[in-house]
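Below you'll find the structure, written out as structure tokens, and then a few comments.
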Protein chains: 2
Amino acid sequence: MKSKITDFKLEPLTDPSFVQTSLARYEQEGTTKTWEIVKAHDSVAILLYHTEKNVFILVKQFRPAVYLNNQNGETVELCAGIVDKDLPLVQIAVEEIEEECGYSVPLDAIERVTLFYTSVGFAGSKQTLYYAEVDEKMKVSEGGGVEGEEIEVVELPVERMDDFIFDESIAKTPGLMFAFMWWRQRRKSEDFTT
Amino acid sequence: MKSKITDFKLEPLTDPSFVQTSLARYEQEGTTKTWEIVKAHDSVAILLYHTEKNVFILVKQFRPAVYLNNQNGETVELCAGIVDKDLPLVQIAVEEIEEECGYSVPLDAIERVTLFYTSVGFAGSKQTLYYAEVDEKMKVSEGGGVEGEEIEVVELPVERMDDFIFDESIAKTPGLMFAFMWWRQRRKSEDFTT
């Protein structure tokens, strides 16, 4: 683990900026119902494939919320960022790729894959998934994030994809697991057509 | 949409049972950091494949948290449930399959696929994914959930999987999208070995 974590504690959250809870009250089929919900930011995530190295570029970081569930707290994720700026989503994706992973990717090289909703039982945040291919010419820094983010860039060889997906000792998201499957399916369909 | 929703409003959540927010404070590499987090329940989800009909059995329901993001609020999901009982996870899976979808599946017919973490940026809830095959002999009710849950059971023909995954007008989770991809990959590898 890159970052040593000590003195972890939970305090009351009195003035949230990122996780707003509410009680939703509504009528469904004439019955009044309530449901506890969290409004969090929408986000973008980008599957990055390095064409020369034949690796995926991922990010490893300490996630306080995961730490509560798993006494490690480190996740391996797609490059991603919350939508907290009034910019086109693809522009936020470009910025996150450079900040977190150190690659400068032109806007028109970013492909939109799809979107989905996470933790629908209580949160329902929307994540838009993108795909981009990078190479060494696009490398402009070591990445690692901004403002004290301790993000480690990880290169995962394509042939290790399945081992990675089913290695439960690595905390990861279903969005990343889907993105890998999507990538392989497309690669196979290209093999058939070329 | 099955259920008409009216009079939707948000109220302050003063005494939460399902979404507990906290401010995490910790030391990382000698720097004190804080992060807003939500502790929600872990969950199980089950990909159900009906062998005689060649369909996936899914559930459609109104999700108040998704409604905030999408003026429909209806999702199509894997059969799933939160872990709020002191029972083996697979037992909770069996109960959810019967309550939501109306099939009585023996414990030993439930296969564990993997686990992952959702909304790691703020929640990090753990979801364990299972797989089960069902048939008409196992059908014991219409499903639909318990205690006023308005769950609609949906049968998705296997050949419509790709259209479904990329149909953004259907709100869905990346866990479902991954499960479909997993199922197809396994089916193909079985085709090669049989």
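Structural remarks
- Of all residues making up segment A:18-32, the number that are touching a strand residue (DSSP E or B) at 6+ places or on another chain (Cβ under 8 Å) and more than 7 Å from chain B (Cβ to nearest Cβ): 2
- Residue check, B:Ile82 open to solvent by 40 Å² or more (accessible area, probe 1.4 Å), among the aliphatic types (A, V, I, L, M) and within 11 Å of another protein chain (Cβ to nearest Cβ): yes
- Odd one out for A:Leu176 among (1) under 29 Å from A:Ile5 (Cβ atoms); (2) within 15 Å of the chain's Cα centre (by Cα); (3) away from chain B (no Cβ under 12 Å): (3)
- Counting only strands (runs of 3 or more DSSP E) that sit wholly inside segment A:102-194, not one has at least 3 residues that are touching a His at 6+ places or on another chain (Cβ under 7 Å).
- Per the conditions (1) farther than 20 Å from B:Glu96 by Cα; (2) in contact (Cβ under 8 Å) with a residue 60 or more places away in the chain, the sole criterion not satisfied by B:Tyr26 is (2).
- Candidates are the residues of segment A:14-36 that are among the hydrophobic types (A, V, I, L, M, F, W, C) and at pLDDT 95 or above; the one that is most open to solvent (accessible area, probe 1.4 Å) is A:Trp35.
- When A:Asn54 is tested against (1) on the phi > 0 side of the Ramachandran plot; (2) over 23 Å from the mean Cα position of the chain (by Cα), just one condition goes unmet, and that condition is (2).
- When residues of segment A:130-167 are limited to those that are modelled with pLDDT of 95 or more and within 8 Å of another protein chain (Cβ to nearest Cβ), the one most open to solvent (accessible area, probe 1.4 Å): A:Phe166
Rundown of residues vs (1) hydroxyl-bearing (Ser, Thr, Tyr); (2) at the interface with chain B (Cβ under 8 Å from one of its Cβ atoms); (3) more than 13 Å from the chain's Cα centre (by Cα), yes/no style:
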{"residue": "A:Lys39", "(1), (2), (3)": "no, yes, yes"}
{"residue": "A:Pro88", "(1), (2), (3)": "no, no, yes"}
{"residue": "A:Glu96", "(1), (2), (3)": "no, no, no"}
{"residue": "A:Tyr117", "(1), (2), (3)": "yes, yes, no"}
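- Within segment A:29-57, residues that are free of Cβ contacts under 8 Å to residues at least 12 places away in the same chain and under 25 Å from A:Ser119 (Cβ atoms) reach partners that are among the small types (Gly, Ala, Ser) and open to solvent by 20 Å² or more (accessible area, probe 1.4 Å) with beta carbons closer than 8 Å, at six or more positions or on different chains, in the pairs A:Thr31/B:Gly148; A:Lys33/B:Gly148.
- With respect to (1) within 7 Å of chain B (Cβ to nearest Cβ); (2) surrounded by 18 or more Cβ atoms within 10 Å (Cβ to Cβ); (3) under 25 Å from B:Thr21 (Cβ atoms), the lone exception for A:Thr6 is condition (2).
The values are calculated or read from the model by the stated rules, or taken from the named source; none is laboratory data. Note that this is a predicted model, so its numbers are computed, not measured. Every residue, glycine as well, gets a Cβ built from its backbone with ideal geometry; the counts of neighbours run over all protein chains shown. Protein only, heavy atoms only, side chains kept; ligands, DNA and RNA dropped before computing areas. Shrake-Rupley method; radii C 1.70, N 1.55, O 1.52, S 1.80 Å.
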